[in-house]
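The values are calculated or read from the model by the stated rules, or taken from the named source; none is laboratory data. Only a predicted model underlies this, so the values are computations on that prediction, with no experimental measurement involved. Cβ placement follows ideal geometry from the backbone for every residue including glycine, while neighbour counts extend to all protein chains displayed. SASA here: full protein model, heavy atoms, side chains in, ligands and nucleic acids out. Shrake-Rupley method; radii C 1.70, N 1.55, O 1.52, S 1.80 Å.
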Amino acid sequence: MADALHHIVYISRASAPLSDAAAAALCRAAAERNRDAGITGLLLHDGTRFIQALEGAEGAVRAVMERIARDPRHHAIGYVSDGAVGARQFGEWGMAYRHVDDVLAAADFLATVKRSVAEVEEPRLLAAFIGFAVIGRGERRRDPVPR
C-alpha cells in the first residue's frame, strides 16, 4: 500500500547567516532530492530564518524532515503543521524557493508571498507563510538594539 499524502510545515533559524549563493545552492540540492522522492512544497528564506512546506508520501516527507532536523545549518525548529492532507497544497512544484531579499529589491515581499500561496486552500498554512513574511518585514525595518 502506498503512503498517504502527508505534509509537514516548519520554521527554523539558520545556525549562521547564509549568503544568497549558499542558500540557492542548498535549495537546488534539496529540490533535486525532493523531486526524486516525489516531494513538493515551498521554501522561503530571509537570511536568518526558513519556513518550508513539504508534501508527498508520508514516509518520504518524514525522511526529508529527519534529514533537516539533523542538518547543523538549522536550529530552533518549530512545527506549524504535521498531518495527512487530502490534496497537494503547493501544486506540482518540485520545490519552489523564494529568498526574501530577491523580491524585496523588486518591491513587496508580502505581495509575492501571497501570490506564491494563492492556490493553498488550508487557512493555517496561509497564515503561517503570510505571517512569516509580515514578521520578517518588521524585523528588517527595526534598527538593531545597541549592546
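Quick notes
- If you go through the stretch 38-86 and keep only what is among the hydroxyl-bearing types (Ser, Thr, Tyr) and either part of a strand (DSSP E or B) or in contact (Cβ under 8 Å) with a residue 60 or more places away in the chain (or both), you end up with Thr40, Tyr79, Ser81.
- Pick from the stretch 1-21, criterion farther than 21 Å from Phe132 by Cα and free of Cβ contacts under 8 Å to residues at least 60 places away in the same chain, ranking: farthest from the chain's Cα centre (by Cα): Met1
- The numbered conditions (1) within 19 Å of Ser12 (Cβ to Cβ); (2) open to solvent by less than 20 Å² (accessible area, probe 1.4 Å); (3) at pLDDT 85 or above are all true for Ala76 except (2).
- Residue match in the stretch 28-45 (condition: loosely packed, with under 15 Cβ neighbours inside 10 Å, touching a helix residue (DSSP H, G or I) at 6+ places or on another chain (Cβ under 9 Å) and at pLDDT below 80): no
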